[in-house]
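No lab work stands behind these numbers, since they all come straight from the coordinates. As the structure is a computational prediction, the values presented were derived from the model and not from experiment.
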Amino acid sequence: MTIPPGHEFEYGTDGPKILVVGVDGSTTSMRAGAYAAGLARRQRSRLVVVYVSRPGAFVGLAPGAAAVARQADHELAEDLRRQAEEATASVGLKITFQEVYGDPYTELVRVADEVNADGVIVGASMRAGHRFAGSLAIRLVKTGKWPVTVVP
């Protein structure tokens, strides 16, 4: 294999420096978080854990429902933050946890761009319809900005 001019190997600069992982409390996202933490520890990378709270379809139907849904999402995010910090502290890995609001694809792309991520890790979708309509992971891969790892 020949290396193109201007792309020579440099000691100490190989491997991902910043990894972004999306978590939402699902089984596959928690596996993705564990995988990302292990990879970040082995590669000595910075790990950015992102929880995206998204508006529910029926939130506008009942007065005050949006506030209740937002509070429930925030509580879930805080629980995920606590779990992530406890799990990574035991192996000496420091993380950044971001709770954001919006569309998961849009927000993960925004955060990954913002932190100059070298890779994005997400859990595989467990929804049957995503085989036809496309999942978050497929959309991230099609973005083509960074390697995307999909954890089953």
At q = 0.18 1/Å the base-10 log of I(q)/I(0) from the Debye formula over the alpha-carbon atoms of the stretch 18-151 is -1.00
Sequence order, the stretch 140-152: Karplus ³J(HN,Hα) from phi using 6.51 cos²θ - 1.76 cosθ + 1.60, θ = phi - 60°, Hz rounded, Gly and Pro as x, gives 5, 4, 5, 4, x, 9, 8, x, 10, 9, 10, 9, x
